[in-house]
1. Evaluate the distance, in nm, between pseudo-label points positioned 7 Å from the Cα of Ser92 and of Ile172 along their respective Cα→Cβ axes.
2. Please name whichever of Tyr23, Leu78, Ser178 sits farthest to the positive end of the charge dipole of the chain, dipole taken about the Cα centre and charges placed at Cβ: Lys and Arg +1, Asp and Glu -1.
3. How charged is the neighbourhood of Thr91? Take every other residue with its Cβ under 11 Å from the Cβ of Thr91, and add Lys/Arg as +1 and Asp/Glu as -1.
4. Please list 3J(HN,Hα) in residue order for segment 97-102, calculated via the Karplus relation 6.51 cos²θ - 1.76 cosθ + 1.60 where θ = phi - 60°; whole Hz, with x for glycine and proline.
5. Less than 14 Å Cβ to Cβ from Ile164, Lys/Arg counted +1 and Asp/Glu -1: what total charge do the surrounding residues give?
6. What is the magnitude of the charge dipole of the chain about its Cα centre, with +1 placed on the Cβ of each Lys and Arg, -1 on the Cβ of each Asp and Glu, and no other charges, expressed in debye to the nearest 20?
7. When a/c is below 1.5 the answer is rounded, else prolate if a/b is larger than b/c, else oblate, so apply that to segment 4-175 with a ≥ b ≥ c taken from the square roots of the Cα gyration tensor eigenvalues.
8. What is the fewest-to-most order of Val137, Val143, Val62 by other Cβ atoms lying within 10 Å of their Cβ?
Amino acid sequence: MISLKSYCGFLSDIIGLTPDALYERQRVLVRAGALSNAVAGKGPGSGIRATPGNVSKLLLSVLASDSLSEISTRTRELAGLKSVAGKCPFTSEARFQKAFENLLSNRTLAESVLGIDVKRMSGTAQIMFKRSDSQVVASKFGVDNKRDRGMALQITATIPGWGIEVISQDMIDIAEGSPLSTHTPY
């Protein structure tokens with residue numbers, strides 16, 4: 001299994017941040033104790049593993065904030081958002097991070113995702129799915145809080161469905177020990 005740092009090169013092609021910018025986020029998350037599956041040592045074969053859980057947390061840090069100083073807090077808040085419905089209707093998860101991780105672990109679910117939106121100021125998120133009957137359904141997490149009321153600036157960060165699908169396939173390839181290929185946006 002490859003390290004998260006190594007996977008940042010592939011991930012950067014998908015989401016448009018440099019590998020160094022992603023690695024800086026990884027370092028912040030490591031200091032905060034937010035990433036798991038570390039292999040001790042230096043060099044190849046060591047470090048934080050590129051697992052669906054770790055990749056989802058790294059992506060949450062991108063969705064949550066542009067500021068490195070806010071990543072730890074904002075990522076933790078975003079990860080902990082509860083499903084408005086009690087459980088996500090597609091992943092059956094109650095928390096946003098677990099639902100996101102589930103999408104990255106399951107190619108079939110990932111293929112039904114149209115996009116993931118995070119409203120930074122309100123601290124809410126939604127996963128848009130296309131059901132088998134072609135109906136679009138939103139799985140919402142978090143409740144609008146008072147933090148954004150009366151603010152003129154609203155920031156929404158989005159990962160399109162094709163991005164989730166490609167990253168999900170990467171997670172499957174990594175788990176199976178298959179080589180990763182270079183990605184091109186659809």
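Readers should treat all values here as calculations from the given coordinates under stated rules, not as data from a laboratory. Just so it is clear, the model here is predicted, and its values are computed rather than measured. For neighbour counting, all protein chains shown are included, and Cβ atoms are generated from backbone atoms with ideal geometry for every residue, glycine included.
1. 1.9 nm
2. Farthest towards the positive pole: Leu78.
3. Working: positive: Lys87, Arg95, Lys98; negative: Glu93, Glu101.
Neighbourhood net charge equals +1.
4. 3J(HN,Hα) across segment 97-102, in whole Hz: 4, 5, 5, 4, 4, 4.
5. Charge balance near Ile164 sits at -3.
6. Values: 22 positive and 17 negative charges, 149 e Å.
Computed charge dipole of the chain: roughly 720 debye.
7. Values: a/c = 1.82, a/b = 1.24, b/c = 1.47.
Oblate.
8. Numbers: Val137 14, Val143 11, Val62 20.
Ordered by Cβ neighbours within 10 Å, fewest first: Val143, Val137, Val62.
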